[in-house]
Every structure is written in structure tokens, then in C-alpha cells.
1. Pick out the one residue from B:ASP213, B:ASP169 that is among the acidic types (Asp, Glu) and either in contact with a His (Cβ under 7 Å, 6 or more places away or on another chain) or at pLDDT 95 or above (or both).
2. Can you find even one residue in the stretch B:72-81 that is more than 8 Å from every other protein chain (Cβ to nearest Cβ), part of a helix (DSSP H, G or I), within 24 Å of the chain's Cα centre (by Cα) and within 30 Å of A:PHE153 (Cα to Cα)?
3. From the set of residues in the stretch A:289-318 that are free of Cβ contacts under 8 Å to residues at least 40 places away in the same chain and of a type in the set (Ser, Thr, Tyr), which is farthest from B:SER84 (Cα to Cα)?
4. Quick one: count up the residues across the stretch B:155-188 that are of a type in the set (Ser, Thr, Tyr) and closer than 30 Å to B:ILE224 by Cα.
5. Hey, among the residues in the stretch A:233-285 that are buried (at least 18 other Cβ atoms within 10 Å of the Cβ) and charged (D, E, K, R), which one's farthest from A:LEU222 (Cα to Cα)?
6. Being out of contact with any Phe, Trp or Tyr (no Cβ under 7 Å at 6 or more places or on another chain) and crowded, with 23+ Cβ neighbours inside 10 Å, is that true of even one residue in the stretch B:40-51?
7. Could you please give the count of residues in the stretch A:161-198 that are basic (Lys, Arg) and under 16 Å from the mean Cα position of the chain (by Cα)?
8. Before we move on, is B:THR386 surrounded by 21 or more Cβ atoms within 10 Å (Cβ to Cβ), within 24 Å of B:MET150 (Cβ to Cβ), modelled with pLDDT of 95 or more and among the β-branched types (Val, Ile, Thr)?
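The values are calculated or read from the model by the stated rules, or taken from the named source; none is laboratory data. All values reported here derive from a predicted model rather than from experimental measurement. Please note: Cβ atoms are built from the backbone with ideal geometry, for glycine as well, and neighbour counts cover all protein chains shown.
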Amino acid sequence: MDLNTLWFILIAVLYIGFFVLEGFDFGVGMLLPFLGRDDTQRRVIINTIGPHWDGNEVWLITAGGATFAAFPHWYATMFSGFYQALFLLLVGLILRGVAFEFRSKIEDPRWRKLWDWAIFTGSLLSALLLGVAFANLMRGLPIDASMTYTGGFWYLLNPYGLVGGLATVAVFLLHGAIFLSLKASDEVAGRAQAVSGRLWAVALVLFAALTVYTYLETDILLVLGVNPGVVPIAALAALLLAGYFVRRVSDGWAFAMTTLVIVFTLVTVFTFMYPRVMISTTNPDWSLTIYNASSSEYTLRVMSIVALIFVPIMLGYQIWSYRVFRKRLTAEPEKLEY
Amino acid sequence: MDALLLARLQFAATTIYHFFFVPLTLGLSVLVAIMETVYVRTGQEVYKRMTKFWGKLFLINFAMGVVTGIVLEFQFGMNWSEYSRFVGDIFGAPLAIEALLAFFLESTFLGVWIFGWDKLSKGMHAAAIWLVAIGANVSALWILIANSFMQQPVGFTFNEVTGRAEMTDFFALIFNPNIWVQFPHTVLAGLTTAAFFIMGISAYHFLKKRNEDFFRRSFQIAAILGTIAIFLVILGGHSQAQHLAEIQPMKVAAGEALWYSEDPASFSLLTIGDLEQRNDVFSIRVPGLLSLMTYNQLQGEVKGIYDLQAEYEAQYGPGDYIPPVALTYWSFRAMVGAGFALLALAAYALFGVMGDMPKFSQRGLKLFVWAIGLPYLANTAGWLMTEVGRMPWAVYGLLKVEDAVSPTVSSGTLLFSLIGFVLIYGLLMGADIFLLTKYAKAGPDDGKDEIAPEMEPSLLGEQG
């Protein structure tokens with residue numbers, strides 16, 4: 001395996017980790033105004049992701065940094081090309097991040113409502129835009145011979161992109177609801193369980209729609225063939241099983257399933273794209289690939305050694321931190337830090 | 001408006017906002033970790049209360065540092081795509097490493113620290129905040145390695161075929177001579193910011209005669225560490241300036257408004273210049289002092305702006321190699337002026353805490369409250385000086401700023417995002433300062449003091 005492929009895989013892993021982990025953060029954030037009926041319940045909801053959200057967000061920052069280091073042309077074309085979308089994503093992340101810290105610092109219900117709204121909007125906006133972005137990566141973009149994206153902002157909001165965005169929101173909502181069933185205080189968890197069934201149905205419809213649409217809008221048939229392989233089918237199977245486990249009120253298994261939905265879907269996305277990183281609809285020869293968009297071999301080698309040492313360490317302490325906070329929360333305001 | 005100018009304004013604005021919050025994070029994480037360590041070692045409850053009080057202020061500030069930082073990582077790609085293409089090999093690596101090593105560490109363990117009081121042993125919990133402090137300061141190291149490359153490109157080669165710079169020596173990159181002068185200076189500035197933050201808020205409470213034991217202990221830790229920090233900041237700054245005289249003489253010349261080379265070179269106390277004509281209108285200079293500062297002796301040529309301009313035109317081709325002199329000159333003065341004022345105050349603070357009956361006058365205490373802002377002035381001015389003084393270069397001698405900007409982002413889009421960021425940041429900064437002020441003024445939660453007030457020597461002297 002060459003270093004370019006290795007780094008393609010590593011960046012995929014970083015994006016997958018981000019989607020799995022911030023997926024439930026965004027889901028919880030979007031559910032906040034609906035599942036939290038009083039102030040304490042809302043605080044409980046926020047506190048379920050309180051210890052984790054910042055460490056989860058770093059997966060995105062690392063993915064961006066790794067893209068910059070390993071594939072500078074991909075980083076340059078994508079980040080400058082998706083300028084307005086990224087600006088909005090940043091606004092969403094900024095509002096959400098500050099809101100977590102500021103929200104409960106003042107007793108005034110208007111202050112708290114304002115920041116709850118910021119968490120909701122920030123989470124929704126982020127989830128939607130990330131889905132739109134990845135759908136567009138799948139579909140391809142107008143990119144010219146000088147690796148410049150020529151499409152503009154509104155191009156990204158094509159129907160396929162929007163369906164991708166909505167499907168992402170739906171899956172994250174389900175993922176977040178199941179997370180709350182596991183972690184939140186009893187009343188909130190109960191409400192989360194009750195709503196999971198409906199969220200699952202919506203997620204299934206949108207996921208199916210996205211799948212069908214993908215066959216129409218992208219060259220996935222050409223690339224993966226009539227039989228797309230185990231992974232995409234497993235993604236759908238995991239989503240069906242998630243519904244089954246939600247019904248059975250087996251929240252742990254349900255959460256494992258929604259996690260797999262996200263993992264397998266993204267593996268499919270990256271497998272489909274390989275070795276391209278940005279598909280050009282203008283001319284396939286102008287697509288960015290892991291070869292024409294990459295850093296020198298020396299940089300890839302240095303980065304590989306650094307990653308080899310530090311990724312396992314990071315995984316170790318992140319997993320440990322989840323273990324520290326594995327217990328379900330109780331609705332006792334004095335014990336809530338946020 | 002010109003797209004390049006807007007892009008530069010946006011980068012300046014977002015970076016200044018970010019570096020408004022970061023130094024306090026860098027320094028306060030360390031000071032809070034020290035307080036918690038004292039608590040773990042001695043078991044004295046007051047240190048736990050100090051950890052929680054200063055820790056709460058730390059957290060309010062930390063959130064702003066994080067969110068303003070994400071913007072910067074994205075902004076290289078968004079607004080400076082040509083820069084990213086050109087130096088991505090070399091610049092991208094420290095950024096990625098910063099995230100992988102430092103951001104993961106500080107974010108994960110901060111979550112553990114905030115929420116883990118009842119879930120971890122005292123030692124483990126204290127270790128968590130130390131890891132946050134280490135994470136924060138290590139992230140400063142890696143971003144400064146990246147910036148050092150911009151100031152002094154090392155460990156690379158220019159690939160004629162691809163038209164890009166490529167890394168050839170990772171160790172040369174991370175042991176860039178510039179990092180040795182830049183990193184300590186920055187990290188110690190963070191410690192200084194945190195120390196004066198604590199001293200100022202403590203002084204406020206001395207004025208109100210509340211929780212005096214609590215704040216006396218806080219003030220003491222801050223005064224000792226702050227004095228050491230500001231002293232080393234100035235020393236480090238001096239080394240950095242001497243280094244800059246070698247690698248970026250134009251920045252030094254601009255910082256001094258030294259139009260023509262001088263030997264021995266004079267130091268400007270005050271210069272009012274004509275920007276159009278690029279000469280002095282009025283100047284008070286100390287003869288020989290600049291040579292002394294640069295070469296540790298009263299002679300030695302310091303190159304002037306016009307001579308360097310001629311040199312660079314010969315070396316790099318026609319163009320304007322003179323950075324904005326007024327901005328470079330005044331930001332340098334502001335930074336150094338604030339720095340020396342802080343040194344004087346630190347000495348006063350140290351003098352005040354030593355001995356059995358430390359006393360400050362009421363005016364002295366008010367001075368400490370106002371001095372909270374001085375490090376912020378110095379931090380901002382310092383970055384302005386070092387970045388603006390490097391103009392027109394994005395990477396010194398290698399890539400000009402005008403060649404670094406994203407060609408596809410229109411000035412309309414830039415105006416929108418610039419205004420957007422400034423507005424949102426402004427609102428959030430308002431909320432942040434509001435919260436910090438509220439919680440700083442409120443003091444530690446229970447408001448209890450261990451020793452009865454009348455038995456405790458007041459830091460407010462009789463004349464107060």
C-alpha cells in the first residue's frame with residue numbers, strides 16, 4: 001500500500017470518527033428544545049454530552065489538518081470552493097460551542113433560551129451542511145484544469161445535496177435520541193425512547209431515498225458495480241436492525257447499530273471515491289486524486305510516523321474518558337456542571 | 001474593496017480575536033493546575049475553592065479560544081488557497097500535529113476535569129488539569145513552529161517542476177532557530193496575562209475587603225509567577241529582536257522607523273513620520289542604543305529601510321518590500337511600553353507580598369485592576385508587529401501575500417464573511433466579558449473565609 005492510499009484511509013478514519021461521535025452530539029443538540037421540558041431536563045441533556053463534545057469536535061479539526069498536510073490541493077480546492085458553506089458551518093460550530101459553556105451561567109430564563117436556541121441551530125446547521133458537503137463530494141463538482149472549483153455556493157444546494165443533508169440530519173437525530181436513552185435521566189430517556197421509533201422511520205425513508213438517488217446522480221454503478229459489496233448493504237442492514245432494537249428497547253444494541261450505519265455509509269463513500277478526492281464533473285481528467293493532490297513522499301512519511309505513535313495514544317485516553325462517564329445521569333441540578 | 005485587502009483584514013481580525021483569549025488559557029491553565037496541586041498535597045480546602053473559582057473563569061474564557069481557533073484552521077484553506085497549495089507540505093504538518101497531539105489532549109481532559117470531580121481520585125483529577133495545561137501550551141508550540149516557518153523558512157526545498165515548496169528536513173523545521181525565541185516569549189506572555197488577571201481581580205476584592213485570605217493566597221501565587229514571567233518575556237523579547245535583526249532586518253528597521261542605515265544606530269524614543277514621503281517629520285532618538293541592543297556593543301550597522309528595499313529589489317526583483325512602517329513602529333512601542341509597565345507593576349506586587357504585613361494603597365490596588373488589560377494590549381500589539389512587519393511576505397523571501405490569496409473568493413463574499421465574523425465575535429466577546437466580570441466580582445461561591453476577617457492582616461493599608 002502506498003503512503004497516499006494510507007493517508008486517504010487515515011483521513012477517512014478521522015472523518016468517520018467525527019461523524020460517529022459528533023453525530024450524537026449534533027443529534028442531542030437538535031433534540032434539546034423538544035425532549036427537555038424544564039430547565040433541569042435541558043441541563044441533563046446538555047450534560048450527557050458535556051464531557052465529550054469538545055474532544056469529539058477535535059476529530060473534525062484533525063481531519064482538516066490532516067487533509068492540509070497530506071493533500072494540500074484537496075484542502076485548498078475544497079475549503080476555498082466551499083467557502084460560504086464552510087462559513088456557515090463555522091458559525092454553527094461557534095454558536096454551539098460557546099453556548100454549552102455560557103448557557104447555565106446565568107439564571108435568567110431568557111438568557112438560557114437564547115443559548116438553547118444557539119445549540120439547536122448550531123447543531124442543525126452543522127449536520128445539514130456536512131451532509132450537503134459530502135453528498136456533493138460524491139456527486140462531483142465543476143472543477144477546472146487548474147484544480148479550481150467553479151460552482152459557487154448555490155450549486156451545492158442541488159436536490160441531491162439537500163437530500164444528503166436531510167438524511168444526515170435524520171440519522172444524527174436517531175443516533176442522538178438513542179444516546180439520550182442510554183445516558184439521560186429517566187424521564188428524558190423515556191421520552192427519547194418514545195420518539196426514537198418515529199425518528200427511525202424518517203431516517204429510513206431518507207436513507208433509502210438517498211441510496212436510490214445516489215445511483216441516479218453519481219457514477220456509483222460504474223465504480224462499484226451491480227453488486228456494491230458487503231459494506232453498503234451492511235449499512236442498510238444496520239439501519240433496519242437499529243429499528244428492530246429500538247422497538248425491543250435494547251438501547252445499547254440500537255446505538256451500536258446507528259454507529260455502524262454511519263461507519264459503513266462513510267466507508268462506502270470513501271471506497272467509491274478512491275483514488276479520487278474531488279471528482280470533476282467538467283472533465284474526469286481534472287479530478288483531484290490522492291496522487292495529484294498530495295504532499296511529497298517525505299511529508300507523508302513523517303506524518304505517518306507521527307500518526308502511528310499518537311493516534312493509538314489518543315484513542316486510548318478518549319476511550320478511557322468515555323468509561324469515566326459511563327453512568328446514567330440523574331435529574332439533580334446541584335450535580336450538573338453545565 | 002480589494003479582495004486581497006479584505007482577506008488580510010479578515011485574517012487579522014480573526015487572529016486578533018483568537019489571541020485575545022488564548023494567552024489567558026495558556027497561563028491560567030498552569031496557575032489553576034498549581035492551585036489544585038497544592039490542594040492535593042496539603043488538603044487545605046481554600047486551595048480547592050481557589051481551583052474552582054479561577055477554574056470557572058478559565059472555562060468561560062477557554063470556550064471562546066476554542067471556537068475562534070477552528071476558524072483559523074479553516075481560514076488557511078478558505079482564504080489563502082494559493083498559500084495552502086504552495087506550502088501545504090511544510091505548513092500543514094505542524095497544524096495536523098497540533099490537532100493530533102495537543103487539541104485532543106486538552107479537549108478530552110478538560111471534559112474529564114470539568115465533570116470528573118466526583119468520579120476521579122484527587123490525584124487523577126489534578127493530573128487532568130495538568131494535561132489540559134500541557135495540551136494548551138504544546139498546541140502553542142506547534143502553531144508557532146508553523147509561524148516560525150513563515151518568518152524563517154527552513155528544512156525545505158523549492159520544487160521547480162511542481163512550483164511548490166517541499167519539506168526536506170522535519171527536524172530542521174521543528175528546531176527552527178526562530179522557534180527558540182518565539183515559543184518561550186509567547187508562553188511566558190500567557191503566564192503574564194494570567195498572573196495579572198488574577199492579581200487584578202484579587203485587588204478588586206481587597207478593595208471591597210472580601211474573602212481576603214482567599215485572594216491573598218491567589219495574589220501571592222500570581223505575583224511570584226507573574227514577576228518571573230514578565231521578566232523572562234522581556235528577556236526573551238530582547239533575544240527575539242536580536243534574532244530578527246539577522247533574519248528579517250526590514251522588520252527591525254520598520255519597527256524603529258530607521259529610514260537610513262546607521263552605524264552606530266540610534267534607538268527611537270518617539271518618531272512621527274510622513275507615510276506618503278516615507279521619512280521623519282519629528283524624531284527623538286537615543287544615539288547608539290539600537291546598536292547596543294542589537295549587537296551588545298555601541299557600534300554595529302543596523303540597516304535602514306531604504307537600503308534594504310534596494311537590496312531586496314536586487315535579490316527578488318522589482319516591488320515594494322517596505323512593510324507598513326507606522327503600524328509596525330507603533331505596535332512595537334505599544335508592546336514594549338506595556339511590557340515595561342507590567343514589569344514595574346510586578347515589582348510593586350512582589351514588594352507588596354513579601355514581609356509580614358504586606359500593604360498596598362487604595363490607588364495601588366486600583367492600578368492592578370486596570371492592569372488586567374495591559375497584557376492584552378501587549379499580546380495584540382506583539383502579533384501585529386511581527387506579522388505586519390513581515391509584509392509583503394507571507395513566507396519570508398519565498399511567497400508574497402498578494403500571491404497567497406484564494407483567487408476564487410470574491411470581494412463581495414469576503415465582505416460578507418468579514419462583517420459576519422466581526423459581528424458574531426463582537427457579540428460573543430461581549431457575552432464573555434459580561435460573564436467573566438459577573439463571576440469575578442461575585443468571588444468564590446460560598447463567600448466564606450476560613451479566618452475571621454478581623455484576625456487577618458488586610459492587604460489594604462491604613463492609608464487606603
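1. Of the residues listed, the single one that is among the acidic types (Asp, Glu) and either in contact with a His (Cβ under 7 Å, 6 or more places away or on another chain) or at pLDDT 95 or above (or both) is B:ASP169.
2. yes
3. Going through the qualifying residues, I end up with A:TYR317.
4. 1
5. A:ASP251
6. Residues of the stretch B:40-51 that are out of contact with any Phe, Trp or Tyr (no Cβ under 7 Å at 6 or more places or on another chain), as a first pass: B:40-45.
Filter once more, so that each one left must be crowded, with 23+ Cβ neighbours inside 10 Å: none.
Looking for residues that are out of contact with any Phe, Trp or Tyr (no Cβ under 7 Å at 6 or more places or on another chain) and crowded, with 23+ Cβ neighbours inside 10 Å, one finds none in the stretch B:40-51, hence no.
7. The number of residues fulfilling the criteria is 0.
8. yes
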